[in-house]
Amino acid sequence: MNAPFPGMVVAVPAAVRQPRAARKSASHGEAGYARRPHDAYFTEPWVTRVLLQAIDFASGSARGDTVIWEPACGDGRMAREIEAAGYAVVASDIADWGYGRPGFDFLGAAALDARLGAGARREVAAIVTNPPFGDQTVLFARRALELMRPGGGKVALLQRHEWDAAAERHTLMDRHPFRCKIVLPRRPRWSDEDKASPRFPYAWYVWDWACPMPQATLYMPNPDALPKALGSLL
């Protein structure tokens with residue numbers, strides 16, 4: 001609506017005003033896109049290479065004899081990196097993304113024994129995954145720790161950098177078997193639709209039932225810029 005005289009302010013009736021669409025809040029993790037089923041946000045390969053550069057999952061054994069389970073494998077990006085590093089890999093997912101064993105509920109009552117064999121609880125040396133976001137993350141952590149405890153195994157979960165700040169999660173990090181937090185050198189990208197810079201820094205959280213050492217925080221460089229001969233840090 002134009003003003004009849006220069007400088008005159010014209011009040012627009014409420015009925016004419018157009019309501020603004022609610023803005024998505026980056027601070028609350030809202031990206032403005034529909035959420036994918038089963039939180040299918042697959043992990044960029046370099047993120048897994050950061051973990052593998054920092055942690056020796058074989059612990060003195062041959063890598064080919066060390067079984068690592070990826071229970072939320074998606075399209076296999078993380079599992080393939082673990083396999084490329086020389087480890088034996090078991091991959092599963094609750095949905096079918098064309099990789100691993102589909103229809104496998106990690107939080108189910110008999111998750112390990114029912115589908116991986118009765119002896120798998122002893123054979124799997126580590127659980128490494130990017131779990132579903134939200135309330136299921138803590139359930140994944142506690143389930144993985146429960147499964148790895150009898151054999152003194154390791155657990156590594158990918159989460160936001162501030163995931164350990166919530167008071168209700170402190171018991172997961174303030175005592176054994178929590179081993180370390182590995183801060184990523186840059187922010188992962190989760191969607192090809194979003195062309196803006198990624199908003200959230202991430203870190204790996206690692207537990208080790210066989211290692212009673214004090215907790216540590218590692219700040220890792222770009223794994224692709226490190227010499228191939230450089231060994232694991234922990």
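The values are calculated or read from the model by the stated rules, or taken from the named source; none is laboratory data. All values derive from a computational prediction rather than experimental measurement. Backbone-built Cβ (ideal geometry, glycine too); neighbour counts: all protein chains shown.
Got a number for residues in the range 139-169 being of a type outside the set (Val, Ile, Thr) and not in a helix (DSSP H, G or I)? Step through it out loud before you land on a result.
Taking the range 139-169 as the starting set, the residues that turn out to be of a type outside the set (Val, Ile, Thr) are 139-154, 156-169.
From what is left, the residues that are not in a helix (DSSP H, G or I) are 149-154, 156-162, 166.
Selection size over the range 139-169: 14.
So that you can scan it fast, the table gives a plain yes or no per residue for (1) modelled with pLDDT of 95 or more; (2) under 27 Å from residue 217 (Cβ atoms); (3) not hydroxyl-bearing (Ser, Thr, Tyr):
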residue	(1), (2), (3)
31	no, no, yes
41	no, yes, no
65	no, no, yes
77	yes, yes, yes
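Which residues, counting only those in the range 58-93, are assigned to a helix (DSSP H, G or I), under 15 Å from residue 154 (Cα atoms) and under 21 Å from the mean Cα position of the chain (by Cα)?
82
Within the range 122-140, can you find the residues that are more than 15 Å from the chain's Cα centre (by Cα), at pLDDT 55 or above and farther than 17 Å from residue 55 by Cα?
If the condition is that a residue be more than 15 Å from the chain's Cα centre (by Cα), at pLDDT 55 or above and farther than 17 Å from residue 55 by Cα, then 123 is the only one that fits.
From 183, 138, grab the single residue that is surrounded by fewer than 21 Cβ atoms within 10 Å (Cβ to Cβ), under 26 Å from residue 75 (Cβ atoms) and touching a Phe, Trp or Tyr at 6+ places or on another chain (Cβ under 8 Å). Give the derivation first.
On the way: 138 fails: touching a Phe, Trp or Tyr at 6+ places or on another chain (Cβ under 8 Å).
After ruling out the rest, the residue left standing is 183.
For a quick check of your reading of the model, give me the residue pairs whose first member lies in the range 96-108 and is touching a residue at least 24 places away in the same chain (Cβ under 8 Å), whose second is in a loop (DSSP other than H, G, I, E, B), with beta-carbon atoms closer than 6 Å and at least 6 apart or on different chains.
97/74; 97/75; 99/73; 99/75; 99/76; 100/73; 100/93; 106/71
Somewhere in the range 111-121, is a residue at pLDDT 90 or above and among the charged types (D, E, K, R)? Outline the logic, then answer.
Initially, the range 111-121 is screened for residues at pLDDT 90 or above, giving none.
There is no residue in the range 111-121 that is at pLDDT 90 or above and among the charged types (D, E, K, R).
Of all residues in the range 141-158, count the ones that are surrounded by 20 or more Cβ atoms within 10 Å (Cβ to Cβ) and within 16 Å of the chain's Cα centre (by Cα).
Result for the range 141-158: 8.
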